[in-house]
Amino acid sequence: MIKYIYFLAFLLASFGKIEAQKNEAQKIVNEATLMYKVEIKDSITNQPVQNANSNQYIIYTKGFSSRSDLITSIGSESAVYDSKKGSGYIAKSYSGQKLLINLTKANWFTQNAIFQQLKFNVTSETKNISGYDCKKAISKLASGETIIVYFEPNIQLSNQDYTLAFPELKGLPIVIERESKGKKFTYALVDIIYDNVPSNLFEIVQKNYRIMNYEDAIKSQKN
């Protein structure tokens, strides 16, 4: 289940403040924190999956640096990348086990390639969500699964090299929906914070982590 949550999580980008962004020209945001609630429901019954709706996805961006945290009831994952240096890492912590995967620039774009290359059909449908005037966009993965994004076109994140970057959509995703293997995953924006983002959030903390390179981590997942 975690891989599907994280898979969806690669679909977010851009920023804005609910009270301040109506009727503005596109706003480019360089530094902010985005907080999303993640809900998982059964596709047939539409009932919440047990212990799966306290999940959060948080994005931090500051200049060339970005960080995304997936926080669940069983553990957490963080993906950090510096687009100027061309390096980053993924840190995972589940059931007392900690793993840190170092990433090169090539590793980073391999990890996110499927989302970087998605093509969207922006429909004529509009919807007001939490004060945002959103447009509806639809895309399909190679597997045939459909992804629906309601986005605010007047807000844009300056950093487009982070895990949730969605280059095809020029705007801020407010709600993202995807169905996969009998479950419906929904990401909904709940808050945007414009306060200064501490630089130490992007630093590597190696203590108590098992360290691997990207290629070895991929091999271990296949075994």
**Message:** Can you say whether GLN156 is crowded, with 19+ Cβ neighbours inside 10 Å and more than 14 Å from the chain's Cα centre (by Cα), as far as the supplied structure shows?
**Reply:** yes
**Fill in**
Here, strands (runs of 3 or more DSSP E) confined to the stretch 106-165 with at least 1 residues that are under 23 Å from ARG67 (Cβ atoms) are 146-152, 155-157
**Which numbered condition LYS181 fails, given (1) over 26 Å from LYS135 (Cβ atoms); (2) modelled with pLDDT of 85 or more; (3) not acidic (Asp, Glu)** = (2)
**Prompt:** Does the stretch 26-78 hold any residues that are more than 23 Å from GLY96 (Cβ to Cβ), part of a strand (DSSP E or B) and of a type in the set (S, T, N, Q), and which are they?
**Reply:** THR33, THR61, SER65, SER66
**Prompt:** Which of the residues belonging to the stretch 193-223 are without any contact (Cβ under 8 Å) to a residue 24 or more places away in the chain and basic (Lys, Arg)?
**Reply:** LYS207, LYS219, LYS222
**Request:** Determine if the stretch 189-205 includes at least one residue that is touching a Leu at 6+ places or on another chain (Cβ under 9 Å), surrounded by fewer than 16 Cβ atoms within 10 Å (Cβ to Cβ) and at pLDDT below 90.
**Result:** yes
**Message:** Take the residues in the stretch 84-95 that are surrounded by fewer than 20 Cβ atoms within 10 Å (Cβ to Cβ) and in contact with a Gly (Cβ under 9 Å, 6 or more places away or on another chain); name whichever of them is farthest from PHE64 (Cα to Cα).
**Reply:** SER95
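The values are calculated or read from the model by the stated rules, or taken from the named source; none is laboratory data. Values in this document were obtained by computation on a predicted structure and should not be read as measured data. Positions of Cβ are generated from backbone atoms using ideal geometry, with glycine treated the same way; all protein chains shown enter the neighbour counts.
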